[in-house]
Each structure stands twice: as structure tokens, then as C-alpha cells.
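One structure below.
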Amino acid sequence: MLAVAWWWLLLFTFGLIGFPFTFYLFRYLPDRGYAFGRILTLLFLSYLLWLLALGHVLPNSLPSIIVILLALAVVSFSLFQHTRGEITDFLSREWKTLAITEAIFASAFFLWTLMRSYSPDLVYGEKLMDFAFLNSAWRSTYFPPHDPWLSGFSISYYYFGYIMMAAVAKLSSTPLVISYTLSTALIFALAAIGVFSLVANLIRLRAPDKPGRAILWGGIGVGLFLLLGNLEGILELLHAHGFGSQGFWQWFGIKDLTGPYESGKWYPTDHVWWWRATRLIDTVKNGQSLDYTIIEFPFFSFIFGDLHPHIMSLPFTLLALTLSLNLFSSREVFNLAWLIHNPLVTLFILVSLGALGFLNTWDFPPFGGILLAVLFLKNYYRRQDWREWALVSTIIVAGSIALYLPFYLSLKAQVKGIWPWFGPDTRPQQYFLVWGLFLFLGVSFLIARSNNYRKWLKSDIWTMFVATLLVFIPLFLWIFIRTLLVSLVPSFANLPPVSGKLWHLLPLLVILILSLTLLLRRRSQDEWQEGKVTGLFSILILFTGLFITMAAELFYLRDLFGNRMNTVFKFYYQAWTLMAIASAFGLYYVLDRWQARVAWSRFLRYIWWGLLLTLVIMASVYPLAASFTFSDGFQRPRTLDGLAFLEKENPGERRAIDFLSRQPSNPVIVEATGDDVNAFGRISARTGLPAILGSVSHEIQWRGSQRLMVERQTDVTAIYRSQNTSEVMGLLKKYGVTFVYVGTLETRSYGERVGDKFKAFLDLVFESDNVRIYKVPGK
């Protein structure tokens with residue numbers, strides 16, 4: 001628990017350093033962005049560390065991190081001195097909100113540390129890869145970090161989040177096997193206070209005289225975003241208890257639903273049932289998946305425990321959204337003069353927005369697009385020249401990319417472009433299981449916003465026409481490409497009909513048209529000053545989230561998988577963030593409007609409440625049941641050590657990992673290699689030492705080619721199997737190998753006596769149980 005307390009204290013210090021920055025940056029928000037102090041400090045610390053280590057100005061070391069942190073503290077203190085009086089008044093006025101923010105962070109951090117302590121094992125999913133990159137970010141003297149699964153190369157992936165977590169691990173002097181677990185809890189806590197602040201600010205801007213209400217709804221926002229799941233969990237319960245006919249379950253189409261539960265337990269005991277909630281969209285024909293997709297949501301991600309980029313970026317996507325709200329809430333016009341007169345704010349925007357591309361490149365387009373849309377709407381409502389917006393937008397996008405240009409220049413993406421999706425559509429029942437609750441709240445919000453539709457429909461019919469054209473652009477493009485393919489390429493003659501796609505998307509199209517019409521209506525200055533900007537901002541992010549889900553029905557990013565698995569995976573995750581926040585504000589807005597004027601009959605209100613409670617209960621089943629499953633009813637022994645399981649399963653390997661982790665510099669090792677992502681590359685992943693080749697499938701994804709992997713895989717096999725000493729020594733020299741690892745996986749892959757030959761020409765430097773490590777003489 002000492003490590004947990006130390007991490008909390010360290011991040012509290014980050015918050016103190018960051019607060020003067022947020023106070024200056026978020027000048028238009030009631031809480032002045034206090035919750036993002038930790039996030040900004042972590043961002044600027046990591047950015048400066050990356051930049052300086054990239055240029056070999058400072059090494060990636062504890063002294064360097066301390067120097068950078070002290071420099072940030074000096075700048076922060078200077079800002080504090082400059083605004084001391086304002087900050088003092090703010091603290092005396094808003095201390096309750098700040099105290100609750102701190103309580104939420106501490107509660108979320110300690111709660112999720114406890115939750116992860118029941119299941120910290122670094123196996124399954126992408127944990128081996130994530131731990132490999134975290135180790136590499138910790139061990140690399142300079143950046144970019146070395147690739148632990150391809151010696152001699154640097155990481156070709158978005159690795160900024162691993163630099164961040166490694167920096168915190170260095171500052172806290174916490175072993176990485178524990179830091180990994182604490183990192184997931186830290187991201188959870190940062191996301192919790194981020195969404196709390198964002199939702200609370202939305203409410204507070206609309207009702208400035210009711211801070212208690214803002215705090216309540218901020219907490220509800222945390223629940224919708226982090227603590228609820230999709231609706232699949234209720235189906236698990238119903239199926240296991242024999243509810244529904246075979247036709248009913250075939251209609252839902254969820255493969256391999258769990259059987260009856262273990263006697264005496266209400267939650268599923270099948271330890272893969274929780275996986276199915278993220279594989280809902282899948283059309284199967286003759287036993288083959290035609291539309292295999294991944295549909296993660298935050299609760300699944302955090303309880304599963306992968307420290308993957310799409311998870312680590314969550315606090316920073318919330319930072320980008322809050323920056324957008326801050327700009328939306330101002331009464332300034334955003335033009336070139338504004339950028340020139342606000343250089344520090346501009347720098348904050350560029351660093352924060354650009355970081356999204358480095359953290360999880362998929363996040364840059366949608367969240368950057370929201371910020372640009374905010375600037376456009378501001379100028380549009382004020383009838384400013386659109387060319388000013390275009391110039392400012394170009395500068396922001398170019399500047400955000402330029403600040404992280406070395407990363408982009410070194411990235412070898414496997415994505416080959418955007419292509420229309422002609423495969424199976426997402427069936428309505430599948431879509432409902434993912435988005436049912438948010439759709440209900442979002443549509444309720446839009447209806448409440450449109451209660452005077454007769455008035456504005458007459459005066460804004462042209463606006464609705466323009467909104468319709470804009471919403472239909474992706475569909476028109478899909479139709480155009482389909483028509484060309486059918487006309488010019490005979491093999492595409494049987495593509496899905498246009499009418500089918502249109503009817504499939506029609507409900508979404510109607511909702512999107514309504515949303516965009518509400519956004520594009522001209523606003524009076526009175527409306528702007530009354531705080532109605534928060535409703536517009538919520539409509540904007542709701543529109544963006546829904547638009548993303550529609551776009552995934554029309555187009556996908558072509559990659560090595562040849563399907564839309566990654567497209568749905570990445571963009572649905574962003575849609576969850578946007579729709580959860582919009583739903584939190586939408587629920588507040590609907591209830592607030594009911595108090596102001598009763599627009600519906602009491603009977604309809606009862607039905608509405610009944611539907612809402614039903615959906616909330618359904619969405620609560622997954623997190624409750626999954627918590628019990630992952631912890632075995634909270635009976636599992638607890639530990640924060642992600643490799644503690646090796647003490648029982650393979651104690652020799654655990655001691656070997658500790659031995660190799662203590663080695664100075666980054667000596668190259670050789671270990672068994674293959675395609676199994678949960679087996680091969682485990683020593684390099686758990687030590688951070690570069691191997692000749694680790695996980696083959698991952699490297700092919702990152703490099704976009706298997707050319708390097710074929711040769712290296714052949715060479716690794718020869719090192720272990722060849723009886724020609726000269727050949728083996730030549731290959732070891734070719735890759736600069738220092739250590740040859742022989743453990744259970746090596747003997748299983750290359751033969752029981754695979755290690756015996758190394759005794760004749762290598763030095764045995766470690767032996768424990770079934771593990772031996774040999775060192776090349778002279779290395």
C-alpha cells in the first residue's frame with residue numbers, strides 16, 4: 001500500500017503544479033479546469049522529456065525528469081504570483097467543488113487499485129505487448145524507445161502513453177510489475193475527474209447559481225461514462241436461466257452464450273462470458289465470421305486491464321473536449337489576431353490537441369474536428385468571415401502536427417486507406433445492445449430541445465435543407481463509389497443495393513439531421529449570454545458520436561485484417577465518450593425542462609421513467625457481474641504484482657526475468673518466437689530487453705510487411721536447432737546477441753535438449769529450475 005499512497009501523493013503534487021496553468025487556460029469555465037492540473041503536468045513533463053531525449057539533450061533518466069518537473073514548478077509558481085489575488089478569491093469561493101474533485105480522484109484511484117489487485121496477471125489480451133512497451137519506455141536512454149520485439153529498430157507505434165507511465169514509475173521508484181497495475185488505476189482516476197469536471201461545467205454554465213446541482217450531475221456523468229456497460233450482460237443472465245426460445249437467441253445472434261451458472265452463484269462463472277459483450281457485431285455464415293468487430297467500452301477496458309493507447313488517451317480526449325467547451329463559452333472571436341495575442345493559450349491548445357495523435361492517432365481526427373467545429377460555430381453565429389476560421393483552423397492543425405512531427409516521420413502505419421464497406425450491416429438489435437441507453441437519452445434530449453419545433457421549422461426550413469445535404473454527404477459518396485465499381489468492375493456486380501443501405505441508415509439520418517439543424521440555427525446574443533451554449537455543445541458532441549457510428553456503416557480503414565474490426569473498435573470507443581457526456585447533460589436538460597414546463601402528459605412521463613430505469617438496470621448488469629467474475633466473488637488473493645502468478649506457474653522464469661531486468665544498458669537476447677500473442681516474446685516483454693524477434697503477428701501489423709520477420713524467424717530457429725557452432729555464433733554476432741534464453745517454451749518449440757549444445761561455446765550465467773541463460777563470451 002506504500003506504493004499506492006506514494007503514487008497518489010505524487011499525482012496530487014502534479015495537480016498543484018498544474019493548477020496555475022489550468023487557471024490561466026480555462027478562464028471561461030466555472031471550475032477553471034482544476035481537475036486537469038494533473039493531466040496537464042503529466043502531458044508537459046512527458047512532452048519535454050520526449051523532446052529532449054529525442055534530441056539527445058537529456059537522457060531518459062530520473063534526474064532529467066526531476067529537472068523538467070522543477071522547471072514546470074518554477075513556471076507554475078510564476079503564473080501563481082501573477083494571479084495570486086484571483087486564485088485566492090477563487091479558492092475561497094470554489095473550495096467545495098475542488099475538495100469533491102480531489103475526493104473523486106482519490107476514491108477512483110484507490111477503488112480501481114483494489115479492483116485490479118484481484119486480477120493483475122499480465123497475460124491475455126494485449127498485456128504482453130503493453131508491458132513490453134512500458135518496459136522499453138522505462139529502459140531506453142534516448143527516444144524513440146527501442147522495439148523489444150525487433151532488436152535494432154525503434155517502436156513503430158503510438159507510444160506516448162508508455163513514456164508518461166514510465167516517467168511516473170521512475171519518479172515513484174516503483175517496480176514496473178506494480179507500476180503497470182497502478183497505471184491502469186491512475187488512468188481510471190484521471191478519466192473520472194475529467195468527465196466529472198466536463199459535465200459539471202456544462203451544468204454550471206447553464207445554472208451558475210446552483211453549484212450543488214452541477215456536482216451531482218458531474219457524478220452522474222462519471223457513472224454513465226465509466227461505471228456502466230452495454231446491454232449484453234442482461235442477455236447472459238436471461239440465457240443462463242433458460243429464458244427465451246431458440247429463435248429469440250438466434251435473432252440476437254450472440255455466439256456461444258454461457259450455460260447455467262455454478263450452483264450458489266448469481267453471476268456467470270464462465271470466464272469468457274465478459275468477452276462476448278465486446279464482440280456483439282458479428283454476422284456468421286457457415287461458421288465463418290463475415291463482420292467480426294471489437295466493441296470495447298471503458299468499464300470493460302479497465303477491468304480487463306490492458307494498458308493500451310486507446311485507454312491511456314481517455315483523460316486527454318476529455319482534456320481536448322474541455323478545451324473546446326472553454327473556447328465555446330468565451331465571447332471572443334477566433335481569428336489570427338486572437339492567436340497572436342494569446343500565444344500561451346495557443347501553445348496549450350497545440351500541445352494538448354497534438355498529443356492525441358501521439359497517444360492514439362485515431363483520436364486526433366474526431367476530437368480535433370470538434371475543436372474546429374467549435375471555432376466554426378462561434379464565427380458562424382457571429383456572422384464572421386469564414387476565411388478567418390479556415391486560416392485559424394489550418395494553423396491549429398498544422399501546429400499540432402508539427403510539434404510531434406518526429407513521431408509521424410518514424411511511424412509506419414499498416415492502414416492503406418479508406419474504402420467503402422460492402423459487408424453485412426450492423427443489425428438494429430446489435431446496435432441497440434451497444435447504444436440503447438445513450439440513444440434513449442440522446443433522442444429525449446433532442447426532442448426536448450425541439451419542443452417549439454413548429455416555430456423554428458417555419459423560419460429555419462432552409463437550415464434543415466442544408467443540414468440534410470451535409471448529413472447525406474457520406475452516403476452520397478458511398479453510392480457514387482458503389483455505382484462506379486458496379487459499372488466498371490464485373491466482380492462487383494452483386495454489391496448490396498442502395499435502397500437497403502438507405503433504409504438501414506434512415507433512423508440515424510433523421511436524428512443527425514435534427515441535431516445539425518439545431519446546431520446551424522442562427523443564435524441571438526441573448527441566447528448566447530443565457531448559457532444555452534452548453535446545450536449547443538452537447539448537441540455537437542452527440543452529433544459527432546452518432547455520425548461516427550453511421551460512418552462506420554459506410555466506410556472502413558483498410559488494414560492487414562481486411563475487415564472493419566479496427567475501425568469499429570477505435571471509433572466506437574470515441575463515440576462512447578461523446579455520447580456518454582452528451583447523455584449526462586441531456587438527462588439533466590430533460591428533467592430541468594420538465595420542472596419548468598410540463599410538456600408531456602403524466603402517463604407518458606411514467607413510461608419514460610420506466611424505460612430509463614429499465615435501460616439503466618440492464619446497463620448495470622455487466623459491470624456488477626464482471627466485477628464478481630474477475631475477482632471470483634472477491635475471494636481471490638490480492639496483489640499488485642502483475643507477474644506474481646509466475647511464482648507458482650514457473651518460478652524459474654520469474655527469477656530469470658529478475659536477473660535479466662537488472663542488466664545494465666539494453667543487451668540483445670534471443671528467445672523462442674512465433675505468432676501466439678500471449679506466449680512468444682514473453683521474456684523481452686517482461687524485461688524490456690530487445691529480442692531478435694518476439695511476437696511475429698504484432699511486428700507484421702506495425703511494419704506492414706513480413707519481410708524482416710521471415711528472415712529473423714528462420715535465424716532464431718537456426719540458433720536453437722543448428723548443430724553447427726560456427727553458424728550459430730555467426731547468427732549471434734549478426735544480431736549482436738548477448739544472452740541466449742532457454743526455458744520451457746524454447747524446449748517445447750525446438751526440442752527437449754535444445755540448450756545442451758550451448759554449454760560448449762557459451763557461458764552459463766543463470767540456472768534455476770527449468771531455465772538456463774547463456775552469455776556470449778566477450779559480451
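General remarks:
- Angle in degrees between helix 2-25 and the longest Cα principal axis of the chain, rounded to the nearest 10: 40 degrees
- Sparse-neighbour loop sites [trypsin sites (Lys or Arg not before Pro); the range 386-421; at most 14 other C-beta within 10 Å; DSSP]: Lys412, Lys416
- Probe 1.4 Å, all protein chains present, accessible-area order of Lys96, Lys210, largest first: Lys96, Lys210
- Taken one residue at a time, the phi angles of the range 40-47 give Karplus couplings (6.51, -1.76, 1.60, θ = phi - 60°) of 5, 4, 4, 5, 6, 4, 5, 5 Hz. Gly and Pro are set to x.
- For the range 612-618, putting each phi into the Karplus relation 6.51 cos²θ - 1.76 cosθ + 1.60 with θ = phi - 60° gives couplings of 4, 5, 4, 5, 5, 4, 4 Hz, in residue order, rounded to whole numbers and with x for Gly and Pro.
- Degrees separating the helix 211-222 axis from the principal Cα axis of the chain, which is the longest one: 50 degrees
- Helix-only mean residue ellipticity at 222 nm for the chain, each DSSP H run of n ≥ 4 adding -39500 (n - 2.57), per residue, nearest 500: -21500 deg cm²/dmol
- Accessible surface area normalised per residue over the range 705-779 is 52 Å², counting heavy atoms of protein chains with a 1.4 Å rolling probe.
- With DNA, RNA and ligands ignored, accessible area of Arg84 (1.4 Å probe; Å², nearest 10): 110 Å²
- For the range 159-269, accessible area per residue (1.4 Å probe, heavy atoms of protein chains only), Å²: 32 Å²
- When nucleic acids and ligands are ignored and a 1.4 Å probe is applied, His146 ends up with an accessible area of around 30 Å².
- Largest-first ordering by accessible area, 1.4 Å probe, given options Phe422, Phe300, Phe153: Phe153, Phe422, Phe300
- Mean Cβ neighbour count within 10 Å, used as a protection proxy, ranking 36-47, 608-619 highest first: 36-47, 608-619
- Heavy-atom accessible surface of the range 24-131, averaged per residue, reaches 41 Å², computed with a 1.4 Å probe.
- If you take all other residues with their beta carbon under 13 Å from the beta carbon of Leu643, and give Lys and Arg +1 and Asp and Glu -1, the sum is 0.
- Overall form of the range 713-779 per C-alpha gyration tensor (a/c, 1.5; a/b vs b/c): oblate
- For Lys734, the aspartates and glutamates whose Cα comes closer than 14 Å to its Cα, not counting residues fewer than 8 places off in the same chain, are Glu711, Asp715.
- C-alpha center-to-center spacing [the range 196-242, the range 28-48] in angstrom: 23 Å
- Taking the 1.4 Å solvent-accessible surface of the range 647-769 as the whole, the part contributed by carbon and sulfur is 47%.
- Per-residue accessible area (protein heavy atoms, 1.4 Å probe) orders Val67, Val471 as Val67, Val471, starting from the largest.
- Straight-line cross-link reach from Lys127 at under 24 Å between alpha-carbon atoms covers these lysines, not counting any fewer than eight positions away in the same chain: Lys170, Lys412, Lys570, Lys648.
- Residue-level accessible surface for Ile340, protein heavy atoms, 1.4 Å, Å²: 110 Å²
- Partners of Lys378 within straight-line reach, counting lysines whose Cα lies under 19 Å from its Cα and excluding those fewer than 8 residues away in the same chain: Lys532.
- Taking the 1.4 Å solvent-accessible surface of the range 356-429 as the whole, the part contributed by carbon and sulfur is 70%.
- Shape analysis of the range 120-185 places it in the oblate category; the axes a ≥ b ≥ c from the Cα gyration tensor give an a/c of at least 1.5, with a/b not above b/c.
- Angle in degrees between helix 176-206 and the longest Cα principal axis of the chain, rounded to the nearest 10: 10 degrees
- Quarter of the Cα convex hull surface for the chain, i.e. its orientation-mean projected area (nm²): 36.5 nm²
- When the Cα gyration tensor is reduced to axis lengths a ≥ b ≥ c, the ratio a/c is 1.5 or higher for the range 1-84, and with a/b not above b/c it is classed as oblate.
The values are calculated or read from the model by the stated rules, or taken from the named source; none is laboratory data. Since the structure is predicted, the reported quantities are computational estimates derived from the model, not experimental observations. Because the Cβ atoms are built from the backbone with ideal geometry, glycine has one as well, and the counts that use them run over all protein chains shown. Surface areas here come from the heavy atoms of the whole protein model, side chains and all, with no ligands, DNA or RNA. Shrake-Rupley method; radii C 1.70, N 1.55, O 1.52, S 1.80 Å.
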